[in-house]
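Peer 1: One structure, as structure tokens, below. Some questions next.
The values are calculated or read from the model by the stated rules, or taken from the named source; none is laboratory data. Computed from a predicted structure; not experimentally measured. So basically every Cβ, Gly included, is an ideal-geometry build from the backbone, and we count neighbours across all protein chains shown. Ligands, DNA and RNA are excluded from the accessible area calculation, which covers all protein heavy atoms including side chains. Shrake-Rupley method; radii C 1.70, N 1.55, O 1.52, S 1.80 Å.
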Amino acid sequence: MSKIEVDADVARRLLSRLRDVLAGDGDAQSRLDGVAMVIADSLQAEVCSIYVMRAGEVLELFATEGLNQSAVHQTRLRVAEGLVGDVAARGRSLSLADAWQHPSFVYRPETGEDLFHSFVGVPIIRGSRVIGVLVVQNRDTRVFSDLEIETLETVTMVLAELIGSSDLVSRDELMPADGIGLLPLRLDGLTLAPGIGIGTVVLHEPRRSINDVVAEDPECELHRLHEALQTLRAEVDTMMGFDGVSGDSLDILRAYRMFAQDKGWIGRISDAVRSGLTAEAAVMRVHDDTRMRMHQVSDPYLRERLHDLEDLANRLLRHLAGEDVQDELPEDAVLVCRNLGPTELLDYDRSRLCGLVMEEGSRTMHAVIVARALGIPVVGRVDSVFSMVESGDSVIVDGEHGQVFIRPSEDICLQFEESLCLRQHKLQAWAQLRTVPAVSRDGVTVNLMLNAGLLLDLPHLEETGASGIGLYRTELPFMSRPALPDVAAQRALYSRILDYAGPERPVVFRTLDVGSDKVLPYWHSTREENPALGWRSVRISMDRPAIFLEQLQALVQAAHGRVLCVMFPMISTVEEFCQARQLLDMELSRQGAAGFVPSAVRVGTMLEVPSLLWELPALLDHVDFLSIGTNDLSQFLFATDRGNPSVADRYDVLSPPFLKVVRQVVRACADAGVACSVCGEMAGRPLEAVVLAALGVRTLSMSASGVGPVKAAVRDANLGDLAGYLDDLLNLGYRSLRERLRGYARDHGISLP
Ligand code: PEP
Ligand code: MG
């Protein structure tokens, strides 16, 4: 037998002996002692010691074979102190022929280690954290082979499970090495959906716990690994075969496929299996190694690639488990994730979710829109949160102030329970307004409608008492599917929405508004420098008329015998509107010939691009209604990227330039007899909403959570009086009118949450 075969044989036998130790009687401490003994014996090492991380970044000697037993639970080293601390700090193995020569060496007389020269230290990693160090030492200046070091690295998997799943140390002590795991934490992020959630952390894509680490039969494990890899590759191939996959998404999938076939990656996993681990434990070992490396890589491109590998390992683990096992959620789950894919949130039991915390995220991303529709508070852009919490930690999501409290103290919990209680009272009060109209104190009726985009938004029509859907974002159902829906699927969806709304509640369907941050996973253009100003929305519809016409066909068919309201997004010129309308007219006559005839057709435009402001009279000649999309209009007027948190809130919509634009549009619409509404986020915030109403806007369309508070504020306001106040304010050159308007609201009894 070659040396390598001998070593591999030793590794296998070592793991099999470890399995016996772990399966044996006795408490965790005695099993740990047994593990140290077996390792030393199998590797013919004179010393094997196991250090475990304790509170305050301290590594404590927990078991040893070969050092003085009296040092156990006495010898302690801080992270970065001595060779053991060095291994923990770097999270990498260290092998030295003569430890005494190393500058970090620290001599601890109580251990009796003065006799030993060669040293191998291997970090014990659980998740992405170092929770201990395994050390092997010999008297002579021996050089350990790579295979021996790898064997030790494999053994640390066993140790990680033993330490992590026993009561050797409390769970809190295994928290991050910088000690933050022990303390309550307050992290700042960005409010993406309002509300307060008090609950228990559930990690999205959590570290799977592995029941069997050591394999009975490595051949069988290799076979399982092989099968799971086949399934994984087939899965990626299927994704690549979806219609319309191109550009970036295709590149990403290609990279995935490359990784799924990567000989180095598969080789490392296979070697770990050959050394005696189960397929799951082997994937996990390589996976943990990748995660550790990820923490040390600052290059964003490389981090992304490592992230892909991590995703792939997660998928592989799922395939090895044979199914997508979703652990039972706690009653009050707060999902913590790096990012969330289009349908992933919906995979969870919604009735048990009370909050969402993300490392990434933006207001307009799909998961966030879904969460908002479900009334789940969301805080996004919380740096590194995923590695700071463990499943089971207590957590508070403050979607009012964009903060997250991890392991909060009792005082903080009490405070938030009170806020939650208050919020629930308010929700009840708003719910009671469901059946009363939004009429101001001076008798002006404001029409409150819903922004929707998913079927789960529909019940909000009843719950809020909204008078219809003022903006149906048709791109959302497109985003949550694996491929472009065909005409029949679209027609079925649009019919269902019209059926639900009934004849009394109009639904305004906005045609596809994809591009910018709304990416269809299966269909995307090449990378753009400025996607918000790029090939998006109606521009794509005009350049891909086949897709546009299919959507129009589905809309006309669904509206047979009832009113069809269609609105085009991102219109920049009158001509563009006329071209889109022409295509609609074409489809109307084609469908009319086939027997599909809406009872009435109303065609409108979004006003999001400032160029239209100088074409208003001409535009208004052609449209039946106009809806101001303040989200995009404000980003273009102020030249601030709405998705960039460092500038998104730099300028205020409650400022003279923006409000003057709204006033100008409202007046032009009134002169032309064209209905004007606002459907950007601004319409759903009470202070902004009453200001818009005072400027003459009579229809506001908003997400469901806005209807109650906006109605309450409108009913408190005297719009005529506020209009007079505004007229004066708008000409005084203030940068923002927010504080003054808030003061006005306070003085005039307008309720603001
Ligand atoms: C807007 O831009 O204001 C709008 C309502 O459209 P979206 O948020 O979907 O871009
Ligand atoms: Mg928009």
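Peer 1: When the accessible area of the range 468-614 is computed with all protein chains present and a 1.4 Å probe, what percentage of it is carbon and sulfur?
Peer 2: Answer for the range 468-614: carbon and sulfur cover 56 percent of the accessible area.
Peer 1: Another one. For ALA618 and ARG505 in one chain, what is 0.36 nm times their gap in residues minus the Cα-Cα distance, to one decimal in nm?
Peer 2: Contour length minus Cα-Cα distance gives 37.7 nm.
Peer 1: Would you work out what percent of the accessible area of the range 3-165, with all protein chains in place, is carbon or sulfur (probe 1.4 Å)?
Peer 2: Reported share for carbon and sulfur atoms: 48 percent.
Peer 1: Here's a follow-up. Considering only DSSP beta bridges with both partners in the chain, what is the antiparallel share in %, to the nearest 5?
Peer 2: Within the chain, antiparallel bridges account for around 55 percent of the total.
Peer 1: Distance between Cα centroids, the range 672-737 to the range 403-477: provide it in whole Å.
Peer 2: One Cα centre to the other: 17 Å.
Peer 1: Cα centroid distance between the range 564-643 and the range 66-124, in Å?
Peer 2: Using only Cα atoms, the two centres lie 71 Å from each other.
Peer 1: Within the set of other residues whose C-beta is less than 9 Å from the C-beta of ASP513, count the net charge using Lys and Arg as +1 and Asp and Glu as -1.
Peer 2: Taking every Cβ under 9 Å from that of ASP513, the sum is +3.
Peer 1: Something else: Mind checking the full-extension length gain between ASN68 and ASP167? Use 0.36 nm per residue of separation minus the Cα-Cα distance, one decimal, nm.
Peer 2: Using 0.36 nm per residue and subtracting the Cα-Cα distance, I get 33.2 nm.
Peer 1: Would you kindly derive the ³J(HN,Hα) couplings of the range 30-39 from the backbone phi angles with the Karplus curve 6.51 cos²θ - 1.76 cosθ + 1.60 (θ = phi - 60°), listing them in order in whole Hz, with x for Gly and Pro?
Peer 2: For the range 30-39, the Karplus curve yields 6, 5, 5, 4, x, 4, 4, 5, 5, 5 Hz.
Peer 1: Next up: When the chain is fully extended, how far beyond the present Cα-Cα distance does GLU575 get from SER646, taking 0.36 nm per residue of separation?
Peer 2: The span from GLU575 to SER646 would gain 22.0 nm if fully extended.
Peer 1: Can you order the peptides 389-401, 674-686, 273-285 by their average number of other Cβ atoms within 10 Å per residue, highest first?
Peer 2: 273-285, 674-686, 389-401
Peer 1: Moving to a separate point now. Taking the solvent-accessible surface of protein heavy atoms with a 1.4 Å probe, what is the per residue accessible area of the chain in Å²?
Peer 2: 42
Peer 1: With θ taken as phi - 60° and the coefficients 6.51, -1.76 and 1.60, list the Karplus ³J(HN,Hα) couplings across the range 688-700 in order, rounded to whole Hz; mark glycine and proline as x.
Peer 2: Going residue by residue, I get 4, 5, 5, 5, 4, 5, 5, 7, x, 6, 10, 10, 10 Hz, with x marking Gly and Pro.
Peer 1: Another question, if that's okay. Given a Förster distance of 51 Å, report the FRET efficiency between ASP727 and ASP349 from their Cβ-Cβ distance, rounded to the nearest 0.05.
Peer 2: According to the calculation, E is roughly 0.45.
Peer 1: In whole Hz, what ³J(HN,Hα) sequence does the range 267-283 give by Karplus (6.51, -1.76, 1.60; θ = phi - 60°), x for Gly and Pro?
Peer 2: x, 5, 5, 4, 4, 5, 5, 4, 6, x, 7, 5, 4, 4, 5, 5, 4
Peer 1: Using the beta-carbon distance between LYS660 and GLN582 and R0 = 41 Å, what value does 1/(1 + (r/R0)^6) give for FRET efficiency, to the nearest 0.05?
Peer 2: Result of the calculation: an efficiency of 0.80.
Peer 1: Which cysteines does the chain leave without a neighbouring Cys Cβ under 4.7 Å?
Peer 2: By the Cβ distance rule, which asks for a partner under 4.7 Å, the isolated cysteines are CYS48, CYS220, CYS337, CYS354, CYS413, CYS421, CYS565, CYS578, CYS679.
Peer 1: Out of the trypsin sites (Lys or Arg not before Pro) in the range 676-753, which ones are loop residues according to DSSP with at most 14 other C-beta atoms within 10 Å?
Peer 2: Those that pass, being in a loop and sparsely packed, are ARG735.
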